[in-house]
Amino acid sequence: MKRILIIFVTFFCFSSIYGQHLDIANPALLDLIDENSQVIKLHDGFQFTEGPVWNKEGQFLLFSDIPANTIYKLEPTGEIISFRKPSQNSNGLTYDNEGNLIIAEHSGRKISMLNSEGNYSTIVDNYMGTRLNSPNDVIVDSQGVIYFTDPPYGRPKDATDTLSFNGVYKYANGEIELIADDLYRPNGIALSPDERNLYVANSGQPKQFIKYPISRSGKIGKGKVFFDASELSGEGNPDGIKVDPEGNIFATGPGGVLVFTEKGELLGTIKFPETPANLAFGGQDMKTLFVTARTGLYSIRLK
């Protein structure tokens, strides 16, 4: 384990360092991020990076390059290799409780699974007999329940078997349940640490994050606007979301990576040289924030 850590540090030293980029709205941001933390470009030359996920067992990062139709792997050595190609233009990636990779496929128009032995299977590809649009982001809770978003970004323009809405879904015990059909472009998705709230990013206008309460029995309540980013300056839309163990939300949005509390109070923004799309906690101590931003893969250390 010590050898891997040394390799990572060495790799970071030879990466592009952009310095500290914090726009502080509340000093409490500095409880989460050191004011001297630096944004580091780990790799570039991609087409559109998305869906990062950290593998704790293997100590590596996976992420999608949607137009390149590839899932890439960031090795502990810092090397980037192709992990899965073609990937069906994968976007969001996550792991279930058994260590299987769960994939949101754009062109495949499905949620799929790749197990540890490399066997691939479809989990769900339709709602009431009609093909899904193009699943975007996906998460799995502690009971194995899958939640995912389904905007039309990757759906073929000439597709005729299309849904009339862009949904947010829950999938459990072989059954799919529609959570919401009233969002313009449902995108990133995450759960609170106690799994009693579901967060969904709505890209486009209005640029909002919606919160859906979850009862102890698993029933999903009506969504309410949790954080409105419509008036924030800067490039980018609400997209990827991750939540830390204290309930703080890290989400890509206008101006970079927004950081706000579980009460919806904006603490500040982490700025990057390119517009971020998604993010993931990782590293041996899970205190590195990996960020996919257009043609690059970046990181910044957290407290």
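The values are calculated or read from the model by the stated rules, or taken from the named source; none is laboratory data. Just so it is clear, the model here is predicted, and its values are computed rather than measured. Positions of Cβ are backbone-derived with ideal geometry, glycine not excepted, and every protein chain shown enters the neighbour counts. Each accessible area value is taken on the protein alone, full model and side chains, heavy atoms only, with ligands, DNA and RNA left out. Shrake-Rupley method; radii C 1.70, N 1.55, O 1.52, S 1.80 Å.
What the table below lists for this structure:
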{"item": "Criterion (open to solvent by 10 Å² or more (accessible area, probe 1.4 Å) and assigned to a loop (DSSP other than H, G, I, E, B)) met by exactly one of Pro238, Pro273", "result": "Pro273"}
{"item": "Subset of region 173-225 [touching a Leu at 6+ places or on another chain (Cβ under 6 Å) and either more than 13 Å from Tyr147 (Cβ to Cβ) or at pLDDT below 95 (or both)]", "result": "Asn202"}
{"item": "Set Pro193, Pro206, Pro156, Pro186: member being in contact with a Gly (Cβ under 9 Å, 6 or more places away or on another chain) and open to solvent by 30 Å² or more (accessible area, probe 1.4 Å)", "result": "Pro193"}
{"item": "Subset of region 1-39 that is under 22 Å from Phe60 (Cα atoms) and either modelled with pLDDT of 95 or more or part of a loop (DSSP other than H, G, I, E, B) (or both) - its residue that is most open to solvent (accessible area, probe 1.4 Å)", "result": "Phe14"}
{"item": "Selected residue (criterion: farthest from Val138 (Cα to Cα)) from residues of region 169-210 that are small (Gly, Ala, Ser) and outside any loop (DSSP other than H, G, I, E, B)", "result": "Ala180"}
{"item": "Matching residues, region 65-117, being in a loop (DSSP other than H, G, I, E, B), over 23 Å from Val168 (Cα atoms) and open to solvent by 50 Å² or more (accessible area, probe 1.4 Å)", "result": "Pro67, Thr77, Glu79, Lys85, Pro86, Glu98, Ser116, Glu117"}
{"item": "Filtered residues of region 57-94 (kept if under 13 Å from the mean Cα position of the chain (by Cα) and hydrophobic (A, V, I, L, M, F, W, C))", "result": "Leu61, Leu62, Phe63, Leu93"}
{"item": "Hits in region 241-269 (condition: β-branched (Val, Ile, Thr) and open to solvent by 20 Å² or more (accessible area, probe 1.4 Å))", "result": "Val243, Thr261"}
{"item": "Residue list for region 126-153, restricted to those being crowded, with 16+ Cβ neighbours inside 10 Å and not in a strand (DSSP E or B)", "result": "Leu132, Asn133, Ser134, Pro135, Asn136, Asp137, Asp141, Val145, Pro151, Pro152, Tyr153"}
{"item": "Subset of region 276-303 [farther than 19 Å from Ile24 by Cα, assigned to a loop (DSSP other than H, G, I, E, B) and not hydroxyl-bearing (Ser, Thr, Tyr)]", "result": "Ala277, Gly283, Gln284, Asp285, Met286, Lys287, Arg294"}
{"item": "Test: Asp228 is farther than 23 Å from Gly154 by Cβ, loosely packed, with under 13 Cβ neighbours inside 10 Å and at pLDDT 95 or above", "result": "no"}
{"item": "Subset tally (residues that are part of a loop (DSSP other than H, G, I, E, B) and either open to solvent by less than 40 Å² (accessible area, probe 1.4 Å) or not acidic (Asp, Glu) (or both)) for region 53-64", "result": "3"}
{"item": "Pairs with Cβ under 9 Å, 6+ apart, first in region 71-100 and touching a residue at least 60 places away in the same chain (Cβ under 8 Å) and under 13 Å from Ser112 (Cα atoms), second open to solvent by 20 Å² or more (accessible area, probe 1.4 Å) and among the hydroxyl-bearing types (Ser, Thr, Tyr)", "result": "Asn89/Ser107; Asn91/Tyr153"}
